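In what follows, a structure is listed as structure tokens, so that the remarks can point back to it.
What follows is calculated from the coordinates using simple rules that are stated; it is not laboratory data. Since the structure is predicted, the reported quantities are computational estimates derived from the model, not experimental observations. Neighbour counts are summed over all protein chains in view; Cβ atoms, including those assigned to glycine, are modelled from backbone coordinates with ideal geometry.
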Amino acid sequence: MSNGAGEIALSVRDLKKHFGGIKAVDGCSFELPKGRISGLIGPNGSGKTTTFNLLTGVLAADSGSVIYNGENISGLRPYQIFNRGISRTFQITRIYREMTVFENMLSASSMRVSEREARTRAEELMEFVTLTKLRGEYGGNLSYGQQKLLEFARALMTDPDLILLDEPAAGVNRTLLQNLLEHIHYLQEDLGKTILIVEHDMNVIMNHCEKIFVMDYGVKIAEGLPEEIQNNEHVIEAYFGH
Amino acid sequence: MSNWEHLRNFVVLAAAVVALLFVPPIFSIYIRSFFMFMMLYVVLALSWNIISGYTGYVSFGHVVFYGIGSYATGILMVKAGWHWIPTLFAGAAVSGVFAAFLGYAVLRLKGPYFAIAMLGAAEGVRVIATVWESLTGGGDGIGFPNVENSWETYHAMLILTIITIIVAYWVGHSRFGIRLNAIREDEIAAQSLGVNTTFYKISALVLSAIFPAVGGGIQSYKVLYIEPDSEFFILVTIYMKLFAMFGGKGTVIGPILGAVILYSVQEITWIKFPTAHLIAFGLFIIFVARFMPRGLMGFAVDRGWARKGMVH
């Protein structure tokens, strides 16, 4: 499997989103390396989740572009972006609480594949995240960690090329987190997927991401390798002040 | 769900069809009429359930589709001289197209706003039917030529019920239905996971509009007279909703059970308490809402008598 060294998976150019007088994202630009795990960090309110929502079409950008596979996907509807191979999870899990685990999985299957194929894929992914025994249980009856795993597995139903994970470690115990991180590395190393993680847990970001982007007040203030980010003055100032 | 379970369900449906085909001849016209209207409410409750039970967009104006079907049959039979059967197809087509346009406009609204918009649509069409005298006969309505048609209409309603159950069964056991459920659960998540929610919601509304229109057409030919207040009567929508919720909305069997049981209860209470049957009916519904908020099927699932979910 090619690791896509040097290739760009997604290019964000001068992206802007204002809510009234609040500049949630204010001219943000970055490029995601293909086949790598990247991190997007920043203090609370820095615009990370808004950026995620702009990349996935949940919010419409005021201006700027998002180039994916040579196409500007900014302005497309969420389902169109999903169907182009970009999938996501949410900061607070958005599993379907009154649908079973198996139905949650099937809901995200492509209608271009047969039902038999969709069922097989769902079974494989439930096995992948060790939820097979809970396949007939309502999503709302799962523990929070299991809901995170379900949402993660559901996002993989269509075998996306780019996976955006919004705070995958939040509220997850260490054992489950380790499990989740192993799955993420498997996707990147063995399947060549591109992954972008928004996370507040610096252990996750520094130990598992190859490239890190830092946002503050809606703009990118730094990017680089983990050790570069740890010593970046702008980043230290954004997190700890003068 | 395994092939064996699908087969079992179709055997049950086939047994019910055989019973409804061969039992009524030994009963009176009243009993035959009772079964016909019970089947009509099975159709209405299942149809309401497709848009409101699965997607969570609770319609308070579904009678509009029933009324459109009634008037399509009335106008085309009496004023254009059509045979009654093609008028049912025409009513379904008009209702489906109307639902597509209506859905495009009102399915952007959520919760009570959608409910009120649907109520407004039904009232609007009722007013049009009242004032457009040259076409609809206005408040005087349309009278049909008097014919004996109880067997024709009975069999037509039976066929419509079978088709509606098959379509509802398909919705309830397909990825189409799962996607409708996903919209009910979390529309933003559904969009982000590949569901073109506008397309699915409009499709569900169109599907849920076709069968009530055909049912309305058969009913109008059965009673041989239509007028706006009865064909667009809000109580018809309330019955659809109550029957589906009593049985268990978002399921296939729930609306069928709800319509069969509650329509029977209503008929019995009407015979026993002709002036107070609505009060008795209302008390019964309050009891059910208090102790079985997810309907009979929810009650059964909570006790392990039925499986969770619609696809297994």
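For the protein assembly as shown, what D do you get in µm² per second when you plug the Kirkwood radius from alpha-carbon pairs into Stokes-Einstein at 25 °C and 0.890 mPa s? Intermediate results must be reported in sequence, preceding the final value.
Values: Rh = 26.1 Å.
Taking Rh from Cα pairs, D becomes 94 µm²/s.
Quick one: Debye curve from the alpha-carbon atoms of segment A:76-166 only, equal weights, vacuum; give me log10 I(q)/I(0) at q = 0.18, 0.24 Å⁻¹ to two decimals.
-0.74, -1.28
Which whole number gives the average, over all residues in A:131-144, of C-beta atoms from other chains lying within 10 Å of the residue C-beta?
Values: counts 0, 0, 0, 0, 2, 4, 2, 3, 1, 1, 1, 0, 0, 0.
Mean number of neighbouring Cβ atoms from other chains: 1.
Considering only the other residues whose Cβ falls under 11 Å of the Cβ of B:GLU185, what net charge follows from Lys and Arg at +1 and Asp and Glu at -1? Let's see the in-between values first.
Working: positive: A:ARG94, A:ARG97, B:ARG179, B:ARG184; negative: A:GLU98, A:GLU103, B:ASP186, B:GLU187.
Result for the neighbourhood of B:GLU185: 0.
Enter the Cα centre distance for the pair segment B:1-26 and segment A:146-218, rounded to the nearest angstrom.
50 Å
How do B:271-283, B:228-240 rank on mean C-beta neighbours within 10 Å, highest first?
Numbers: B:271-283: 12.2, B:228-240: 20.2.
Ranking, from highest mean packing down: B:228-240, B:271-283.
Rounded to the nearest Å, what's the spacing between the alpha carbon centres of segment B:167-236 and segment B:273-287? Just the number, please.
28 Å
Out of all DSSP beta bridges in the protein assembly as shown, what portion is antiparallel? Express it as a percent rounded to 5. Can you show the working numbers first?
Numbers: 24 of 40 bridges.
The answer is about 60 percent antiparallel.
Identify all lysines with a Cα-Cα distance to B:LYS241 below 26 Å; exclude those on the same chain that are fewer than 8 residues away in sequence.
Within the straight-line limit of under 26 Å, B:LYS241 reaches these lysines: B:LYS110, B:LYS201, B:LYS222, B:LYS249, B:LYS272, B:LYS308.
With just the Cα atoms defining each centre, how far is segment B:45-62 from segment A:33-80? Give it in Å.
Using only Cα atoms, the two centres lie 35 Å from each other.
Compute, for the protein assembly as shown, the length of the dipole vector about the Cα centre, with Cβ point charges of +1 (Lys, Arg) and -1 (Asp, Glu) only. Units Debye, rounded to 20. Present the calculation step by step, with values, prior to reporting the outcome.
Working: 43 positive and 45 negative charges, 270 e Å.
Roughly 1300 debye for the protein assembly as shown.
Sort B:118-128, A:81-91 for me by packing, meaning the mean count of neighbouring Cβ atoms within 10 Å per residue, highest on top. Could the numbers behind the result be given before it?
Values: B:118-128: 18.3, A:81-91: 22.0.
For the peptides B:118-128, A:81-91, the packing ranking is A:81-91, B:118-128.
Give me the lysines in straight-line cross-link reach of A:LYS34: C-alpha distance below 22 Å, same-chain residues under 8 apart excluded.
A:LYS48, A:LYS193, A:LYS211, A:LYS220
Dividing the alpha-carbon Rg of chain B by 2.2 N^0.38 Å yields what?
0.98
With a 10 Å radius around each residue's Cβ, average the other Cβ atoms per peptide and rank A:122-133, A:100-111, highest first. Before the final figure, lay out each step's value.
Details: A:122-133: 16.9, A:100-111: 24.6.
Going by the mean number of other Cβ atoms within 10 Å, highest first, we get A:100-111, A:122-133.
Let me have the 222 nm mean residue ellipticity of the protein assembly as shown computed from DSSP H runs of 4+ only, each contributing -39500 (n - 2.57), with the sum over all residues rounded to the nearest 500. Numbers along the way, then the final one.
Values: 24 runs with 310 residues, N = 554.
Helices in the protein assembly as shown give a 222 nm mean residue ellipticity of -17500 deg cm²/dmol.
What is the average number of partner chain Cβ atoms found within 10 Å of a Cβ in B:172-178? Could the numbers behind the result be given before it?
Values: counts 0, 1, 2, 10, 1, 1, 12.
Mean partner shielding for this stretch: 4.
Expressed as a rounded percentage, what relative contact order does segment B:3-302 have, with Cα pairs under 8 Å and six or more residues apart? Kindly include the intermediate steps, with their values, before the conclusion.
Details: 452 pairs, mean separation 92.8, N = 300.
About 31 percent, as a whole number.
How many nm is it between the label spots at A:GLU117 and B:ASP302, if each spot is 7 Å from the Cα in line with the beta carbon?
4.2 nm
Taking the Cα centre of segment B:3-302 as the origin, how large is its charge dipole in debye, to the nearest 20, when only Lys and Arg (+1) and Asp and Glu (-1) carry charge on their Cβ atoms? Walk me through the numbers before you get to the answer.
Values: 16 positive and 14 negative charges, 124 e Å.
Magnitude of the dipole: close to 600 debye.
Which GluC sites (Glu not before Pro) from segment B:127-166 combine a DSSP loop assignment with at most 16 other Cβ atoms within 10 Å?
Numbers: sites: B:GLU133, B:GLU148, B:GLU152; in loops: B:GLU148.
Counting only loop positions with at most 16 other Cβ atoms within 10 Å, the GluC sites (Glu not before Pro) in segment B:127-166 are B:GLU148.
Can you tell me the mean projection area, over all orientations, of the convex hull of chain A's alpha carbons? Units nm², please. The partial results should precede the final answer.
Details: hull surface 53.6 nm².
That works out to 13.4 nm².
Placing +1 on the Cβ of each Lys and Arg and -1 on the Cβ of each Asp and Glu in the protein assembly as shown, which of A:ASN179, B:PHE232, B:ALA204 has its Cα farthest towards the positive end of the resulting dipole?
The listed residue farthest towards the positive side: B:PHE232.
For A:ALA60 and B:TYR104, what is the calculated FRET efficiency with R₀ set at 22 Å and r taken between the beta-carbons, to the nearest 0.05? Show your work: numbers first, answer last.
Values: r = 20 Å, r/R0 = 0.91.
For A:ALA60 and B:TYR104, the calculated efficiency is 0.65.
Which net charge results when you count Lys and Arg as +1 and Asp and Glu as -1 among the other residues whose beta-carbon is under 14 Å from that of A:GLY64? Walk me through the numbers on the way to the answer.
Working: positive: A:ARG13, A:LYS16, A:LYS17, A:LYS23, A:LYS220; negative: A:ASP14, A:ASP26, A:GLU31, A:ASP62.
The answer is +1.
For the residue pair B:PHE10 and A:THR175, what label-to-label distance in nm results when each label sits 7 Å from Cα along the Cα-to-beta-carbon direction?
4.6 nm
Let me confirm one metric for peptide A:93-106, namely the mean number of other chain beta-carbon atoms within 10 Å of its residues' beta-carbons.
Details: counts 1, 7, 3, 10, 2, 8, 11, 7, 2, 5, 11, 7, 1, 7.
Average neighbour count from other chains, rounded to a whole number: 6.
For A:ASP190 and B:ILE279, what is the calculated FRET efficiency with R₀ set at 56 Å and r taken between the beta-carbons, to the nearest 0.05? Let's see the in-between values first.
Numbers: r = 68 Å, r/R0 = 1.21.
Once the sixth-power term is evaluated, E becomes 0.25.
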